[in-house]
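Right, one structure below, let's go through it.
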Amino acid sequence: MQQEGQELEILEREKYMKERQKKIIACEAKLIQKQQNEMNALKKKLEANLNERLKLRETEHNKLLQRYQNVKKEIQNQQTIELAKFERTYANVIQLKP
């Protein structure tokens, strides 16, 4: 009788341990899934921030490029005007010489 009680206790303990192990595995799986979801959300957020920064960088680059082109064109126009003035002045000097 005592041995049957011990065997029954051992069987109940094994059953309890199996159920406990199943619960632990289920909780671990749930935690891993939760962490994976959080990781995916953070990755999306980082990617969105990176894309936003890249767009901003491209916009700033285009502004600087446009500014450079405008300044370059202005300098070329000034040089053309100065060259025309010089040529007129030089042409007058050449005409004055005998």
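All of the numbers you see were taken from the coordinates with simple rules; none came from a lab. All of these numbers come straight from a predicted model, not from anything done at the bench. Please note: Cβ atoms are built from the backbone with ideal geometry, for glycine as well, and neighbour counts cover all protein chains shown.
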Considering only GLN2, CYS27, ALA48, whose Cα is most displaced toward the positive end of the charge dipole of the chain, charges sitting on Cβ of Lys, Arg (+1) and Asp, Glu (-1)? ALA48
Can you tell me the dipole magnitude for the chain around its Cα centre, using point charges on the Cβ only (Lys, Arg +1; Asp, Glu -1), in Debye to the nearest 20? 900
Which one, [x] 144, 15, 7; [y] 132, 21, 6; [z] 48, 27, 20, gives Cα extents along the principal axes in Å as derived from the coordinates shown? [x]
Please give the helix 2-96 orientation as an angle from the longest Cα principal axis of the chain, in degrees from 0 to 90, rounded to the nearest 10. 0
In Å, what Rg and Dmax follow from the Cα atoms of segment 53-98? 20.0, 69
Label GLN36 and ASN70 with points 7 Å out from Cα along Cα→Cβ: what is the distance between them in nm? 5.3
Name the residue from TYR90, MET39, TYR68 whose Cα lies farthest towards the positive end of the charge dipole of the chain, charges +1 on Cβ of Lys and Arg and -1 on Cβ of Asp and Glu. TYR90
Cα to Cα, under 28 Å, and not fewer than 8 places away if on the same chain: which lysines meet these conditions relative to LYS15? LYS23, LYS30
GLU28: net charge of surrounding residues, Cβ under 12 Å, Lys/Arg +1, Asp/Glu -1, itself excluded? +4
